[in-house]
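Every number in this text was worked out from the coordinates using simple rules, so none of it is lab data. Note that this is a predicted model, so its numbers are computed, not measured. Methodologically, a virtual Cβ is constructed for each residue, glycine included, from the backbone with ideal geometry; neighbour enumeration extends over all protein chains shown.
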Amino acid sequence: MEGEAEWEKAAVVTLEDGCTEGGKKLRLGRGLEPHPWTECQVVDCGAPTELEHGLVTFFTRNNLTTYKSEIRYSCQQPYYKMLHNITVCGQPSRSLPNLVKRIIGGRNAEPGLFPWQALIVVEDTSRVPNDKWFGSGALLSESWILTAAHVLRSQRRDNTVIPVSKEHVTVYLGLHDVRDKSGAVNSSASRVVLHPDFNIQNYNHDIALVQLQEPVPLGPHVMPICLPRPEPEGPAPHVLGLVAGWGISNPNVTVDEIISSGTRTLSDVLQYVKLPVVPHAECKASYESRSGNYSVTENMFCAGYYEGGKDTCLGDSGGAFVILDDLSQHWVAQGLVSWGGPEECGSKQVYGVYTKVSNYVDWVWEQMGSPQGLGELQVER
């Protein structure tokens, strides 16, 4: 044999999509490639971008994010937005029924009927023994709760008005049965704001706000309520409104029995009632005829039936009295459960008294740092 044969090492390699070399993605066909072997480093897309008001689901084991791994984005439904980035309000995913009974002797609310309903729990651990009480509120946006000032006033023996510490406040949203909070959204408070003119003696200016620590995710069971237009006359007499709460459900219990029994007379499941607005003069006269110093101011309105039997009660405080707006077909928080007479809840000619929210709309917007006015309602599906 003449001469010597020289052999060159060679190999056929294939680099498909999904490999990187030197930080660059390669798309190569089959060919000859000398040693050393080209190493395939599988592309890793990294953690998926968080989706506001949505969920990320991994379909690959161990939550891998490498090439050909699969994730899926899904949006929470329904989700509504307004102009000025204010969440659309007063549109529950379930239609409220026409036939509504009362909280006193009333009926249970189905989940999602009152998606703006908030349970506010206050536990003042700075006092011995600890003070603990609760009330209701209404969601105005992803970060704000509207309620009554007396719910968030620190319990004192004098007439000073000092808000409870924000560390002592917990808010539950999307809650139906207080015995099962697993499906509810709970949030701490970052700010507690009482109206500066709140009067503990006559409950004038009984309105307050809670700013939540984090924006809450919205969905079928957590949706905000609308604020009314700033009209001093408030809701018209005889118009029907709805109010919900976890308060007293026994019409025959007295205030003394409530205090002595703690929370045993409270409702586990959210209750609701339909009540008519009472003419202001009639309400004032009904309280002026009683012994005691009762004052129904122009910042209040009354609701209920002359014959009694239907009412809100202790524990419902701060909940929204909502009325369907004829023009927009959105539910509006016209009132907040504030106070009532010393008689049994639902007694004859004892009307419930509500804070007239329309007198405080500008104050609410100012505290929230939002543009005033509801603006045009715009629904995005």
Among Ser143, Ile207, Gly219 the positive-end extreme of the charge dipole of the stretch 142-219 (Cβ point charges): Ile207
Quick check: residue separation of Ala281 and Ser370 times 0.36 nm, minus the Cα distance between them. What number comes out in nm? 28.6 nm
Of Val171, His195, Val185, which is farthest towards the positive pole of the stretch 146-196's charge dipole, taken about the Cα centre with +1 and -1 on the beta-carbons of Lys, Arg and Asp, Glu respectively? His195
State to the nearest 20 debye the size of the charge dipole of the stretch 172-217 about its Cα centre, where the only charges are +1 on K and R beta carbons and -1 on D and E beta carbons. 100 debye
